[in-house]
């Protein structure tokens with residue numbers, strides 16, 4: 001795939017995420033986002049690391065919370081065994097920062113296309 005094709009495909013994926021943000025940003029969405037960033041890196045040679053979602057921003061998904069009973073016993077939080085989620089506001093800020101950095105709408109002309 002040529003640099004221009006990678007550039008277009010990456011921005012198409014990012015545009016879809018920006019235009020139709022999922023209600024929950026899980027690790028699968030973050031992986032998609034990172035794949036698009038990788039295509040941008042390959043196509044442009046730019047360091048896109050500052051726009052990535054750090055692993056520490058992915059937390060185990062809470063699936064249930066029990067209140068503490070009158071006796072003071074019980075209570076606690078149950079987490080999904082494997083699924084992790086990212087704060088939607090943080091994800092959106094990273095995506096918007098990426099758009100601001102490259103200038104929107106992004107043009108491949110800066111990168112020789």
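The values are calculated or read from the model by the stated rules, or taken from the named source; none is laboratory data. For clarity, every value in this text was computed on a predicted model and none was experimentally measured. Note that each Cβ is placed from the backbone with ideal geometry, even for glycine, and that neighbours are counted across all protein chains shown.
Inspect all residues belonging to the stretch 80-89 and state whether any of them is more than 13 Å from the chain's Cα centre (by Cα), crowded, with 16+ Cβ neighbours inside 10 Å and modelled with pLDDT of 90 or more.
Within the stretch 80-89 (the criterion being more than 13 Å from the chain's Cα centre (by Cα), crowded, with 16+ Cβ neighbours inside 10 Å and modelled with pLDDT of 90 or more), the answer is no, since none of the residues qualifies.
Considering each of 36, 10 in turn, give the residue that is farther than 15 Å from residue 94 by Cα, in a helix (DSSP H, G or I), in contact with a helix residue (DSSP H, G or I) (Cβ under 7 Å, 6 or more places away or on another chain) and in contact (Cβ under 8 Å) with a residue 24 or more places away in the chain. Don't jump to the end; show me each part of the working.
Values: 36 fails: farther than 15 Å from residue 94 by Cα.
It is 10.
Results for (1) over 11 Å from the mean Cα position of the chain (by Cα); (2) at pLDDT 95 or above; (3) surrounded by fewer than 17 Cβ atoms within 10 Å (Cβ to Cβ), shown as yes or no for each residue.
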residue	(1), (2), (3)
2	yes, no, yes
5	yes, no, yes
11	yes, no, no
20	yes, no, yes
24	no, no, yes
31	no, yes, yes
49	yes, yes, yes
53	no, yes, no
58	no, no, no
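Check the stretch 19-32 and report whether any residue there is touching a helix residue (DSSP H, G or I) at 6+ places or on another chain (Cβ under 6 Å) and either closer than 19 Å to residue 104 by Cβ or in a helix (DSSP H, G or I) (or both).
Within the stretch 19-32, not a single residue is touching a helix residue (DSSP H, G or I) at 6+ places or on another chain (Cβ under 6 Å) and either closer than 19 Å to residue 104 by Cβ or in a helix (DSSP H, G or I) (or both).
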